[in-house]
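Q: Pasting a structure here, questions to come.
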Amino acid sequence: MSVFAVEYVYAAGSDDVRAEHRPAHRDFLAGLGTDQDGTALVASGPYADGSGALLLIAAPSQESLAQTLKNDPFAINGSIAALRITEWSPVLGELSHHA
């Protein structure tokens with residue numbers, strides 16, 4: 001299992017759409033880890049400037065995580081202009097046991 005840093009860049013003018021779908025988006029993220037593939041949310045939250053968000057997610061592969069994230073209500077409803085998934089190797093701290 002690897003840990004991935006996922007960066008969402010929000011689409012310009014998507015504030016109202018995100019506000020409408022935020023409860024479903026948070027339910028989606030909270031539900032990660034309930035399926036059989038082992039994907040689990042470690043932490044998530046928006047950037048203070050409102051431009052996007054950072055998610056830390058443990059997943060079996062980058063490809064499986066990319067497929068899973070297509071089901072995020074923010075993605076389905078066009079709130080995400082750009083998505084970057086990068087494998088991350090924590091060496092210190094609480095997450096280092098995932099590496």
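The values are calculated or read from the model by the stated rules, or taken from the named source; none is laboratory data. Just so we're clear, the structure is a prediction, and the values are computed from it rather than from any experiment. These accessible areas exclude ligands, DNA and RNA; they are computed on the full protein's heavy atoms, side chains included. Shrake-Rupley method; radii C 1.70, N 1.55, O 1.52, S 1.80 Å.
Q: Enumerate the amide H contacts of Ser2 below 5 Å, restricted to partners 5 or more residues apart or on another chain; note that Pro and chain-start residues carry no placed amide H.
A: Ala59
Q: Before I look further, what does the range 1-43 give for accessible area per residue, probe 1.4 Å, in whole square angstrom?
A: 56
Q: Okay, next question. Each residue of the range 44-52 in order: what ³J(HN,Hα) in whole Hz does its phi give by Karplus 6.51 cos²θ - 1.76 cosθ + 1.60, θ = phi - 60°, with x for Gly and Pro?
A: Using θ = phi - 60°, the values come out as 7, x, x, 6, 4, 7, x, 7, x Hz.
Q: Accessible area of the chain with a 1.4 Å probe: how many percent of it is carbon plus sulfur?
A: Summing carbon and sulfur atoms, their accessible area is 52 percent of the total for the chain.
Q: Further, regarding this structure: For a quick check: with amide H placed at 1.01 Å from N, whose amide H comes under 5 Å from Tyr47's, ignoring anything fewer than 5 positions away on the same chain?
A: Answer set, sorted by chain and number: Gly52, Ala53, Leu54.
Q: How much accessible surface area, in Å² rounded to 10, belongs to the heavy atoms of Asp27 with a 1.4 Å probe?
A: Approximately 110 Å² of Asp27 is accessible to the 1.4 Å probe.
Q: Rounded to the nearest whole Å², what accessible area per residue is found for the range 52-98 with the 1.4 Å probe?
A: On the way: 2670 Å² over 47 residues.
Computed with neighbouring chains in place, this is 57 Å² per residue.
Q: Let me ask something else about it. Given that just one value was derived from the coordinates, which of (1) 19, 16, 13; (2) 28, 14, 9; (3) 23, 15, 11 is semi-axes √(5λ) of the Cα gyration tensor in Å?
A: (3)
Q: Note the full-extension length gain between Asn77 and Ser61 as 0.36 nm times their separation in residues minus their Cα-Cα distance, in nm to one decimal.
A: Residue separation times 0.36 nm, minus the Cα-Cα distance, leaves 3.3 nm.
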